[in-house]
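In what follows, a structure is listed as structure tokens, so that the remarks can point back to it.
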Amino acid sequence: MNPLLSPQSPQRASKGDQDDALSTPQKDDEFDDLSSPHDAGKKSCRIPSDGEKLTQLLSMDSNAHSAIFTRFRSPTRGTFTNTLSTITKLDLPNCGLDENSLPSSLASSLPTLKILFFFKNKFTKYPAVLGECENLTMVSFKLNQIEEIEPEALQPQLRWLILTGNKLRQLPDAIGRCTNLQKLMLSGNNLSSLPGSISKCTNLELVRLACNDLQEAPLDLLSLPKLAWVALASNPFLADLASTHLSPDVIAASDLEAGASNKAKVLGSGASGTTVQMTMSSSSPPGPVAVKKYSSMDITSDGSPSDEFKASLFAGSLSIPSVVKALGVTYPTNGSSSDDTTPDLVMELLSGYSALGNPPSMTTCTRDTYSPTLTLLPTVAHGYAVAAGRALTTFHASGLCHGDFYSHNILVADDGDSKLTDFGAAFFYDKSKPEAELVQRCELRAYRIWLDEIIGMVDFDKSNQWEMQAFNDLKDLADDLAKPGATFTSAAVYPRLYKCKPEAFRVWPKPLRFMTGYATATLFTASFLSLPILSLLAIPACWKTYEARLASTFVLAAYAFSFFFPSREWPAFRKVGQLWYEMFDVSCNMSAEQRKRAVKMGQADTKYIIGMHPHGIIPLQAVVWSAYCDQYFHDPITGENLYGFGAAADVVKYLPFLRNMMAWLSAGSASYDTLYNGLEYGEARQCNANNNRRPRHLYLLPGGVAEVFESTVGHNAIVFKHRRGLVKLALETGADLLPCYVFGGTDFFHNLATGTNLLARLSRKIKAGVTVFWGYFLLPLPFLPKVTLCIADPIEVEKWDKDKGEIPAELIEEIHAKYLASIVDLFEKHKAVAGYPDATLLVK
């Protein structure tokens, strides 16, 4: 039904009835004669009345099909008046209208008017009469000739204002009156600055300011609390930052074939151009590609096609899996570049992808719309979130803002893959300038809004552990994004870090978890001091009083009990490390999907050697790992997990209490034979004693004693450059290597003995770290650094056939180099999100 027709009045109104509806007495023939402004000018030189002007507007509405009044013939004179009161939208494109075409009685004649479009007309002013329309929330003067906005036209109810492609040089201060404004389209004007009153538009969420004349960054605008989508390309304050990023491969037009019919298949089209499918013969093997042919238009709502081309080319050259890859550019006309021609962009061809969402509607304004039947599994939604987060983080690290991050610009496939597209609003910015942080926060806000929408579509079986963990990961990400002052780095959007939660103690109050956790960490630390304490008790001077002798006897009895107490693993003890999660703000870089994949592989034929660096003075991270592995690398169906067995220096078996705790954590001797038998045959005494459990995976700290003396607060170093034993063990047992780096692992204590001093040399002799260390109050009370477990992808190792003889040194060196490179890559990739942006890793 036409929106201008009253559903209550299907009758047609007579021509005479229209006089009353227009509030001004008129002759019947005046309505017949005034079908357009041009016709009106030919009929009479007099100024048309308000009634005539309104008649013109209604007759030109795009939904009226130029015959609107034939529908209002009725014997009742009040019918047309009632119809006017129901009109909510007028769409008047390309009608030659100007500010003199609007009746002064517009507000009273159309009291319910909400939406008004004047596309491609001849307005030079934004007329004041529109400010009298109390319900008018959306106005478009796209591609007119507006040079001035009358201040009275801007009122608080305005929600969506489109002024793209006009001649505005300034906005009036009255723009600050538009406190409900959400979307403001100003691309393609001549604005050199924005009024300070723009800061009062606190509900503004989307702004398009590309292709203007802004001399300075609009800081007041970028500081708005809800601004999430912004386009600023082709403004003088940005200079030509894009040109410094572009160095594309040029593909000859002759290498691109349209097909058998010599007519390329159209894949999609929009304001900025058309994308077609072609075959690139120069590729090996020849294959289909997508070629975007950019429009010659100077301006779109988002900006210019040439700016979109530059951003698309750069983004597609960053080797981001979730961004369509750019293969090069082509100049189809003459095969060479031209200053005034935007080349075609050649991209990888996507097949089987569809948009995740639909563009915003007039009702939702700045929010995408979705199919009511769309639901997502948490693992799928999390995959989308990580992929998009990686793209946005990488863009901003290079000084590129996408500017239009929405679901309708994300293409998804059935296998969970996703691609971020449409760089029409993208722009490059100078990361050293004050506006850089504000630009990032705007895009982060868009990402947060999108994430909330995605979480709202999640539906899954709550009993599925992996899906529940993925859902919790999504909520944690949303919480991190909502923190004041959050950035892509501080929120650890990419690479993403996942907080560890003490599920075994979730019913405990947080203060109790913290106090108990710190007490157990201190006791664990004290167990490393058992030998010096025992030595002091052996001095007769300590036995002079009865109380001293009693205390000595008690401690010695406890030590004796420790030696006679069976050394076997105690699975419940692994959970103690969960009490340390909040205390050390523990997080890990592995998602639920990655953990699930690792567990499935570990349950099959895969064996793992998990090598964790650095060792630290007191390896508190070993207890954290035990808890993490027990909790997160667990299969709820089979009850199995990746928890294998550990290794500790042989001297540990002579230290009371520590020997017991290490056994409870499944750690035994670090001798090569012991490790080999554990991996090859599942022979690990401390594990076998627990219902004959046969471990398949090994956890150890390969840096050993040497890394103890490289460990102190603020120092990041590993000792592995000249160690080959771990690689040889992996080759002999066929175990994959799983490198791990722990940020914060050296920050628990200060260390007196570092480098190659006397204590270091003595420690290497006795194969045990002997040093002086301290934490809070110069006591063995650990500091509380943020601990981040970073685990790399497995390094696959094929078991060496002993019948072939000795393992070639070249093979050992190859795998050793991969291991070291993986550790360094882990460090560099995660140091910023882990809180160590300026840190350097020393490899010895």
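The values are calculated or read from the model by the stated rules, or taken from the named source; none is laboratory data. Everything numeric here is computed off the predicted structure, so don't read it as measured data. Note that each Cβ is placed from the backbone with ideal geometry, even for glycine, and that neighbours are counted across all protein chains shown. The area values use the complete protein model at the heavy-atom level, side chains included, leaving out ligands, DNA and RNA. Shrake-Rupley method; radii C 1.70, N 1.55, O 1.52, S 1.80 Å.
Enumerate the residues in region 564-578 having an amide nitrogen under 16 Å from the point lying 7 Å beyond the Cα of Glu503 toward its Cβ.
Taking a point 7 Å out along Cα→Cβ of Glu503, the residues of region 564-578 whose backbone N falls under 16 Å are 572, 574-578.
May I ask which of Lys325/Lys419; Lys114/Lys183; Lys462/Lys499; Lys325/Lys431; Lys475/Lys831 have a Cα-Cα span longer than 18 Å here?
Pairs exceeding 18 Å: Lys462/Lys499; Lys325/Lys431; Lys475/Lys831.
Could you work out how much longer the chain between Lys804 and Arg568 gets when fully extended? Use 0.36 nm per residue separation minus the Cα distance between them, nm to one decimal.
81.2 nm
Using each residue's phi in region 349-358, evaluate 6.51 cos²θ - 1.76 cosθ + 1.60 at θ = phi - 60° and report the 3J(HN,Hα) Karplus result to the nearest Hz, with x for Gly and Pro.
Rounded to whole hertz, the list is 8, 9, 10, x, 9, 9, 5, 5, x, 10.
Can you work out the Karplus-derived ³J(HN,Hα) for every residue in region 314-323? Use 6.51 cos²θ - 1.76 cosθ + 1.60 with θ = phi - 60°, whole Hz, and x for glycine or proline.
So the J values, rounded to whole Hz, are 5, 4, x, 9, 8, 6, 9, x, 8, 10.
Measure off 7 Å from each Cα along the Cα-to-Cβ vector at Ala560 and Ser223, then give the distance between these two points in nanometres to one decimal.
7.5
With the Cα gyration tensor of region 289-371 giving a ≥ b ≥ c as the square roots of its eigenvalues, does the rule (a/c under 1.5 for rounded; else a/b larger than b/c for prolate; else oblate) give rounded, prolate or oblate?
Oblate shape, in that a/c is at least 1.5 and b/c is the bigger or equal ratio.
So, in nm, how far is label Met515 from label Lys829 when the simple model puts each one 7 Å beyond its Cα toward the Cβ?
The answer from the label model is 4.2 nm.
Report the Rg/Rh value for region 569-714, based on alpha-carbon coordinates and the Kirkwood definition of Rh.
For region 569-714, the value is 0.94.
Taking H as built 1.01 Å from N, whose amide H comes closer than 5 Å to the amide H of Gly668, not counting residues under 5 places away?
Gly646, Ala647, Ala648
Between Arg685 and Ser490, what length in nm is gained on full extension when 0.36 nm per residue of separation is reduced by their alpha carbon distance?
The span from Arg685 to Ser490 would gain 65.8 nm if fully extended.
Within region 459-509, report the trypsin sites (Lys or Arg not before Pro) that DSSP leaves as loop and that have at most 11 other Cβ atoms within 10 Å.
Counting only loop positions with at most 11 other Cβ atoms within 10 Å, the trypsin sites (Lys or Arg not before Pro) in region 459-509 are Lys462, Arg506.
What share of all Cα pairs of region 247-392, in percent, falls into each consecutive 5 Å distance bin?
Final binned percentages: 2, 8, 14, 18, 20, 15, 11, 7, 4, 1, 0.
Note down the nm distance, to one decimal, between modelled labels 7 Å out along Cα→Cβ at Arg724 and at Asn190.
Each label point lies 7 Å from its Cα, and together they span 7.6 nm.
Calculate, axis by axis, the spread of Cα positions in region 784-844 along the three principal axes, and write the results as whole Å, longest axis first.
Principal-axis extents of the Cα atoms in region 784-844, largest first: 50, 19, 19 Å.
So how exposed is Tyr672, as accessible area in Å² (1.4 Å probe, rounded to 10)?
80
Using modelled amide H (1.01 Å from N, peptide plane; none on Pro or chain starts), what sits under 5 Å from the amide H of Asn589, excluding residues fewer than 5 places away?
Sorted by chain and number, the residues that satisfy this are Tyr498, Leu789, Ile791.
Taking the alpha-carbon distance from Lys263 and a cut-off under 16 Å, which aspartates and glutamates remain once sequence neighbours fewer than 8 residues away in the same chain are dropped?
Within the straight-line limit of under 16 Å, Lys263 reaches these aspartates and glutamates: Asp255.
Please list, in chain and number order, the residues 5+ apart from Leu97 or on another chain whose amide H is under 5 Å from its amide H, with Hs placed from the backbone.
Placed amide hydrogens put Lys122 under 5 Å from Leu97.
Tell me, what is a quarter of the convex hull surface for the C-alpha atoms of region 86-164, in nm² with one decimal?
Result: 4.4 nm².
May I ask you to derive the FRET efficiency for Ala551 and Asp650 from their Cβ-Cβ distance with R0 = 41 Å, giving the value to the nearest 0.05?
0.85
Quick one: net charge around Ser317, please, counting Lys, Arg +1 and Asp, Glu -1 for every other residue with C-beta under 14 Å from its C-beta.
Every neighbour counted, the sum reads 0.
Step through the residues of region 452-457 one at a time and calculate ³J(HN,Hα) from phi using the Karplus curve (6.51 cos²θ - 1.76 cosθ + 1.60, θ = phi - 60°), rounding each to whole Hz and writing x for Gly and Pro.
4, 5, 5, 4, x, 9
May I ask you to compute the full-extension gain from Gln603 to His634, defined as 0.36 nm times their residue separation minus their alpha-carbon distance, rounded to one decimal in nm?
10.1 nm
If we count every other residue with Cβ under 15 angstrom of Lys263's Cβ, Lys/Arg +1 and Asp/Glu -1, where does the sum land?
Charge balance near Lys263 sits at +1.
What is the calculated FRET efficiency for Arg694 to Ser432, with r their C-beta to C-beta distance and R₀ = 41 Å, to the nearest 0.05?
Numbers: r = 58 Å, r/R0 = 1.41.
With R0 = 41 Å, the Cβ-Cβ based efficiency is 0.10.
So how much accessible area does Asp249 have, in Å² to the nearest 10, using a 1.4 Å probe?
Asp249 has an accessible surface of roughly 110 Å² with all protein chains in place.
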